Amino acid sequence: MNKILWRVCALFLLGLIGTAQAQSIVIDKAVARATVGKMPNGAAFLQIENKGADDALLSGSSPASSRIEIHTMSMEGDVMKMRALDQLELKSGQRIEMKPGSGIHIMLMGLKKPLAVGDKFPLTLNFRKAGKIETTVEVVEMKMPMKKGEMHEHHGHHQHHKE
C-alpha cells in the first residue's frame, strides 16, 4: 500500500512541476490583423512574459493556418524585409511585446479562410522548457503606424528570408 501511495504522490508532484513551468510563461493581448480579400497570410501580435528560467519560443500551430512562423521585420529604405526565426529566445524576467511595426510577430501562413473582425481562433505556442501553451487570438481591425517614407505592410515591396 505504501508503494502505491508513494507513486501517486510522485505523479501528483510531477504534475505540479509541469503546471508551474507552463505558468512561468504568460501570454497576453493576443490579436490578429483582419485580412482583406483572399490574402494567403496573416499576422498575429501578443505579449509574452517569462517569469521563470531562460526559455525560447520554438514554434506554433493553429487550425486557422497551414503553418506558423516567428518573424522579424525591418525597413531598409522603402523595402520591407521579413526574416523567419528558428526560435525566439526569452531571458528570465523578459517581456516581449509584439505589435504592428515593432519587428517581431507571428506569421499565419496559408490561412484556411480570411480573418474577419470579431473572429477568434486558438494558437498553440511551443516553448523549449514550458512546453505547449494555448491562447485565444481575437481578430481586430488594425492600422499600421506609418512613418515618412515607409509603406503600409503587405503593400509595395517586401522580401521573406530564412535565418
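What follows draws every value from the coordinates through simple rules; no lab data is involved. Note that the coordinates shown come from a computational prediction; the quantities given were computed from them, not determined experimentally. Every residue, glycine among them, receives a Cβ derived from its backbone with ideal geometry; neighbour counts consider all protein chains shown.
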List the residues, sorted by chain then number, that are 5 or more residues from V137 or on another chain and whose placed amide H is less than 5 Å from its amide H.
F121, L123
Taking amide H positions as placed in the peptide plane 1.01 Å from N, state which residues far from A43 in sequence (5 or more) or on other chains have amide H under 5 Å from it.
R33, L108
Give the long-range amide H neighbours of M98: residues separated by 5 or more places, or on another chain, with amide H under 5 Å away, using H modelled in the peptide plane at 1.01 Å from N.
L46, Q47, I48
Given R₀ = 22 Å, what would the calculated FRET efficiency be for Q94 paired with K120, taking r from the Cβ atoms and rounding to 0.05?
0.20
If we sort 121-127, 98-104 on the protection proxy, mean other Cβ atoms within 10 Å, highest first, what's the order?
121-127, 98-104
Using θ = phi - 60° and Karplus 6.51 cos²θ - 1.76 cosθ + 1.60, couplings along segment 111-126 (whole Hz; Gly, Pro as x):
4, 6, 7, x, 8, 9, 3, x, 5, 9, 8, x, 9, 9, 10, 9
Enumerate the calculated ³J(HN,Hα) couplings along segment 53-69 in order (Karplus 6.51 cos²θ - 1.76 cosθ + 1.60, θ = phi - 60°), each rounded to whole Hz, writing x wherever the residue is Gly or Pro.
6, 3, 8, 8, 7, 9, 6, x, 8, 7, x, 6, 8, 5, 7, 10, 10
Mind listing the phi-derived Karplus ³J(HN,Hα) values for segment 70-85, rounded to whole Hz, using 6.51, -1.76 and 1.60 with θ = phi - 60°, and x for any glycine or proline?
8, 10, 10, 9, 8, 9, 10, x, 9, 10, 7, 10, 10, 10, 7, 9
Contour excess over end-to-end distance, with Cα ends at Q47 and V79 and 0.36 nm allotted per residue:
8.9 nm
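Can you give the alpha-carbon Rg of segment 25-136 over 2.2 N^0.38 Å, where N counts its residues? All intermediate terms of the calculation are to be shown ahead of the outcome.
Numbers: Rg = 13.8 Å, N = 112, 2.2 N^0.38 = 13.2 Å.
Rounded to two decimals, the normalised Rg is 1.05.
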